[in-house]
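Taken together, the values in this text are just the output of simple stated rules run on the coordinates, not laboratory data. Please read these numbers as outputs of a predicted model, since none were measured by experiment. Cβ placement follows ideal geometry from the backbone for every residue including glycine, while neighbour counts extend to all protein chains displayed.
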Amino acid sequence: MAVLIGRDREIARLRGFLAACEDGPCALTIDGEAGIGKTALLDAAIADASGVCVLRVRCAEAESGLAYVGVADLLGEWAGTATAALPPPQRRALEIALLRTDPAGELV
């Protein structure tokens with residue numbers, strides 16, 4: 001991994017956020033212009049994270065018209081685990097959003 005110069009403050013904040021996630025689920029959005037180092041900062045923070053499962057998604061403008069593609073990318077191989085942990089109405093909604101269940105039929 002490359003060494004980031006002059007980004008110690010940002011990396012420290014991200015590491016602090018990840019450490020706080022050990023207490024339960026957390027969400028973080030990093031937004032900014034292309035090429036400013038968002039991915040490099042997150043990679044540096046995650047490299048030192050222990051005991052935390054990090055799911056991440058990088059949405060592209062070309063995907064903006066595709067409903068729930070970010071959710072599908074985010075969950076990836078964890079989709080089954082995520083849906084199994086939900087109450088039936090939320091499980092069904094997530095399974096429909098992920099195109100795993102036909103939306104037709106009676107709602108639970």
Q. In nm, to one decimal, how far is the modelled label at A40 from the one at A62, with both set 7 Å along Cα→Cβ?
A. 2.4 nm
Q. For region 29-59, list residues with backbone N below 16 Å from a point placed 7 Å from the Cα of A19 toward its Cβ?
A. 45-52
Q) Out of [x] 13.6; [y] 16.3; [z] 14.5, which label holds the value of Kirkwood radius over Cα pairs in Å that was computed here? A) [y]
Q. Under the definition of Cα pairs under 8 Å and six or more residues apart, what whole-number percent is the relative contact order of the chain?
A. 20 percent
Q. How far, in nm, would the chain grow between L28 and L4 when pulled straight, counting 0.36 nm per residue and subtracting the alpha carbon separation?
A. 6.6 nm
